[in-house]
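J.: Dropping a structure here in structure tokens format, bear with me for questions.
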Amino acid sequence: MEAEGAFSTRMVEQVQHIEHYRQEVLRVEGRLLDDDSAALEWITRYAATFPPIETYSSH
């Protein structure tokens, strides 16, 4: 069950980062991204550096 909680927490945090990215792209570049496009761009640019799921598990 702990793994499920860590996964959920990580996913919520990623969604928040993607939404922030979407808003920032609109503000800086004037591009309006739908949710899927924003997610694809964010994943391509930042997913590799996003903290691993182990970071969200309590020891």
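Read the figures in this text as sums done on the coordinates, not as results from a lab. Small disclaimer: the values here were computed from a predicted structure and weren't measured. Cβ atoms come from the backbone with ideal geometry, glycine included; neighbour counts cover every protein chain shown.
J.: For every helix of n ≥ 4 consecutive DSSP H residues, a contribution of -39,500 (n - 2.57) applies; sum these over the chain, divide by its total residues, and give [θ] at 222 nm rounded to the nearest 500 deg cm²/dmol.
T.: About -23500 deg cm²/dmol.
J.: Counting residues in region 17-59 as N, plug N into 2.2 N^0.38 Å and put the Cα Rg over that result.
T.: 1.39
J.: Assuming 0.36 nm per residue, please report the length gained on full extension of the stretch D36 to A3 beyond their Cα-Cα distance.
T.: Contour length minus the Cα-Cα distance gives 9.3 nm.
J.: Still on this model: In the neighborhood of E54, defined by Cβ-to-Cβ distances under 15 Å, what is the net charge if each Lys or Arg adds +1 and each Asp or Glu adds -1?
T.: The answer is -2.
J.: Using the alpha-carbon atoms, what tilt in degrees (0 to 90, nearest 10) does helix 35-46 show relative to the longest principal axis of the chain?
T.: Relative to the chain, helix 35-46 is tipped by roughly 70 degrees.
J.: For region 11-20, what does the Karplus curve 6.51 cos²θ - 1.76 cosθ + 1.60, with θ = phi - 60°, yield as ³J(HN,Hα) per residue in whole Hz, taken in order and with x for Gly and Pro?
T.: After applying 6.51 cos²θ - 1.76 cosθ + 1.60, I find 5, 4, 5, 5, 4, 5, 5, 5, 5, 4 Hz.
J.: Set the Förster radius R0 to 35 Å, insert the Cβ-Cβ distance between F50 and R27 as r into 1/(1 + (r/R0)^6), and round the FRET efficiency to 0.05.
T.: 0.95
J.: Next question, about the same structure. So what is the relative contact order of the chain, in percent, for Cα pairs below 8 Å that sit 6 or more residues apart?
T.: With pairs under 8 Å counted, the relative contact order is 47 percent.
J.: So what's the net charge close to Y21: Lys and Arg +1, Asp and Glu -1, counting the other residues with Cβ under 10 Å from its Cβ?
T.: After counting each charged neighbour, the total is -1.
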